[in-house]
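Engineer: Have a look at the structure that comes next, please.
The values are calculated or read from the model by the stated rules, or taken from the named source; none is laboratory data. Just so we're clear, the structure is a prediction, and the values are computed from it rather than from any experiment. Methodologically, a virtual Cβ is constructed for each residue, glycine included, from the backbone with ideal geometry; neighbour enumeration extends over all protein chains shown. Surface areas here come from the heavy atoms of the whole protein model, side chains and all, with no ligands, DNA or RNA. Shrake-Rupley method; radii C 1.70, N 1.55, O 1.52, S 1.80 Å.
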Amino acid sequence: YSDLSMGGPKVVASTGFDDETLPTYTAYRLAEDELIRESMQIPAGVIVSRTYSWENATTRTTIMRRSIRDSGDPMKIAGAAALLNADVYSSLWMARFHTNADFSCRDLHIFGGLLPHVGRAMTVHHRVTRAELEATMATGAIDRMAVGVVLLDATGNAVIVNREARRLLSAHDGIGLV
């Protein structure tokens with residue numbers, strides 16, 4: 001997933017990677033991954049796939065080299081952008097080793113059927129992340145105001161009490177918040 005206005009991609013969830021490989025890949029190679037780059041240059045939902053072996057993995061990403069080396073088998077990878085627009089990129093990937101069969105048409109069809117759902121989920125994730133960031137920025141701006149500000153919800157409970165309002169309230173000099 002990547003909020004394209006906020007920097008490079010990050011892994012939101014993963015399974016099957018050891019504690020060392022995934023953080024290394026995420027920190028140093030994710031933004032350079034050739035499959036990620038390719039999936040960002042074609043429409044969302046178009047599946048990209050490759051087979052890598054130890055021989056052709058020498059110029060590939062660290063995660064592929066380590067995974068292939070550790071298994072001793074070729075690795076098959078398939079994935080696609082589930083959401084791709086000017087603001088956000090989100091993708092879903094799957095991998096198999098040589099001991100497993102190639103991805104069948106049925107496998108890719110089922111995988112492709114998941115992509116719209118992942119795209120919708122990541123759209124919600126993106127909106128929530130943006131809303132949280134905007135709320136934090138707004139709260140920070142209110143907190144810097146030289147006037148005391150107390151924002152209440154519909155039931156009269158304080159939602160935001162800025163620094164100056166807290167100072168006034170702590171003085172116990174005629175104003176209080178219950």
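Matching residues to (1) open to solvent by less than 70 Å² (accessible area, probe 1.4 Å); (2) touching a residue at least 12 places away in the same chain (Cβ under 8 Å); (3) closer than 22 Å to Asp87 by Cα:
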{"site": "Gly113", "(1), (2), (3)": "yes, no, no"}
{"site": "Arg127", "(1), (2), (3)": "no, no, yes"}
{"site": "Glu132", "(1), (2), (3)": "no, no, yes"}
{"site": "Ala135", "(1), (2), (3)": "yes, no, yes"}
{"site": "Met145", "(1), (2), (3)": "no, yes, no"}
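Engineer: Determine which member of the set Met75, Met122 is surrounded by 10 or more Cβ atoms within 10 Å (Cβ to Cβ), in contact with a strand residue (DSSP E or B) (Cβ under 6 Å, 6 or more places away or on another chain), within 22 Å of Ile42 (Cα to Cα) and modelled with pLDDT under 90.
Structural biologist: Sole residue among the options that is surrounded by 10 or more Cβ atoms within 10 Å (Cβ to Cβ), in contact with a strand residue (DSSP E or B) (Cβ under 6 Å, 6 or more places away or on another chain), within 22 Å of Ile42 (Cα to Cα) and modelled with pLDDT under 90: Met122.
Engineer: Just wondering, is there one or more residues in the stretch 103-124 that are under 16 Å from the mean Cα position of the chain (by Cα) and of a type in the set (Lys, Arg)?
Structural biologist: So far as the stretch 103-124 goes, yes, one or more of its residues are under 16 Å from the mean Cα position of the chain (by Cα) and of a type in the set (Lys, Arg).
One line per residue, one yes/no per condition, for (1) among the β-branched types (Val, Ile, Thr); (2) at pLDDT 85 or above; (3) under 30 Å from Arg127 (Cα atoms); (4) open to solvent by 50 Å² or more (accessible area, probe 1.4 Å):
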position	(1), (2), (3), (4)
Asp3	no, no, yes, no
Ser14	no, no, yes, yes
Phe17	no, no, yes, yes
Arg29	no, no, yes, yes
Glu38	no, yes, yes, yes
Leu83	no, yes, yes, no
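Engineer: Got a number for residues in the stretch 94-114 being out of contact with any Ser or Thr (no Cβ under 9 Å at 6 or more places or on another chain) and modelled with pLDDT of 85 or more?
Structural biologist: Of the residues in that region, 11 qualify.
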